[in-house]
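The values are calculated or read from the model by the stated rules, or taken from the named source; none is laboratory data. Model, not experiment: these values are computed from the prediction. Neighbour counts run over all protein chains shown; Cβ positions are idealised from the backbone, glycine included. Accessible surface is based on the protein model in full, side chains and every heavy atom, while ligands, DNA and RNA are left aside. Shrake-Rupley method; radii C 1.70, N 1.55, O 1.52, S 1.80 Å.
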Amino acid sequence: MVIILKDITKKFRNTTAVKGLSVEIREGELVCLLGPSGCGKSTTLSMIAGLEPPTKGDIFFDGKRVNQVEAEDRDIGMVFQNYALYPHMTVYDNMAFGLKLRKTPKDEIKRRVEEAARILDIAHLLDRKPKALSGGQRQRVLIAMALTRDPKLIIADEPTTALDVTVQKQVIALLNELREKLGFAMIFVSHDLALVAEVAHHITVMYAGQVIEQAPTRELLTHPTHEYTRGLLGAV
């Protein structure tokens, strides 16, 4: 699936969170949105996911305008930084919950949950409650939940922020390995250039709600054109 954001603007009352943003994510590609807190990265993801409508501009999935398409109909899996698991449910029930809401047949739910658990190597955790899991295990469960939707795009909003550095790298490597194996595109939000530089195909740098620079990763790392990007590289 090819995702195109064309001149997207998002306003909240008197605040413009995103202004005139244009980004393209090609099939099977990993694109990173990079920038400081409050620059509009998460708002951009919310618009791609269908959680927020753009104030202006258009979003296209494979050439089809999807501005008015509901989130559940967008073939998107989402992985966020907070562990959004129901504490009273088992891992299996957490993974099955969204499928049940969409009235997926019971045998299909079982197949999808068990397949995602196998891929993420968490089949032995299906009977556990979230409190019995480590941070890395919870993150694997969230990724598995995203895979049960058989997505064409996975949105990852700083999913490793709460993890220690070693586990962060493992999670990023795992997401990239799954992307290569299963063929979905991925858009990854981060403020850590060093963390994503090894896996991203393209990097889009945002600042104050606008794209200030975007380029293939190697080009951006070797020939940054904007002062903010050069500052990030200097910090790394």
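Quick look at the numbers
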| item | result |
| --- | --- |
| Residue satisfying all of: in the stretch 139-168; in contact with a strand residue (DSSP E or B) (Cβ under 6 Å, 6 or more places away or on another chain) and closer than 13 Å to Ile187 by Cα; modelled with the lowest pLDDT among these | Pro159 |
| Filter result (open to solvent by 50 Å² or more (accessible area, probe 1.4 Å) and without any contact (Cβ under 8 Å) to a residue 12 or more places away in the chain) within the stretch 216-226 | Arg218, Glu219, Thr222, His223 |
| Residue within the stretch 97-109 that is open to solvent by less than 80 Å² (accessible area, probe 1.4 Å), aliphatic (A, V, I, L, M) and under 21 Å from Thr204 (Cα atoms) present | no |
| Qualifying residue in the stretch 16-37 (condition: at pLDDT below 90 and among the hydroxyl-bearing types (Ser, Thr, Tyr)) | yes |
| Members of the stretch 195-215 that are assigned to a strand (DSSP E or B), over 10 Å from Cys32 (Cα atoms) and open to solvent by 40 Å² or more (accessible area, probe 1.4 Å) | Tyr207, Gln210, Val211, Ile212 |
| Residue in the stretch 23-42 that is within 30 Å of His124 (Cβ to Cβ), touching a residue at least 40 places away in the same chain (Cβ under 8 Å) and of a type outside the set (Ser, Thr, Tyr) present | yes |
| Residue in the stretch 116-128 that is within 16 Å of Leu142 (Cβ to Cβ), of a type in the set (D, E, K, R) and open to solvent by less than 80 Å² (accessible area, probe 1.4 Å) present | no |
| Any hit, the stretch 165-184, residues being of a type in the set (A, V, I, L, M, F, W, C), over 24 Å from Phe97 (Cα atoms) and buried (at least 16 other Cβ atoms within 10 Å of the Cβ) | yes |
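A quick yes/no check of all residues on (1) farther than 30 Å from Val141 by Cβ; (2) hydroxyl-bearing (Ser, Thr, Tyr); (3) over 14 Å from the mean Cα position of the chain (by Cα):
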site: Ile3; (1), (2), (3): no, no, no
site: Leu21; (1), (2), (3): yes, no, yes
site: Gly28; (1), (2), (3): no, no, no
site: Gly35; (1), (2), (3): no, no, yes
site: Thr43; (1), (2), (3): no, yes, no
site: Glu52; (1), (2), (3): no, no, yes
site: Val66; (1), (2), (3): no, no, yes
site: Ile76; (1), (2), (3): no, no, no
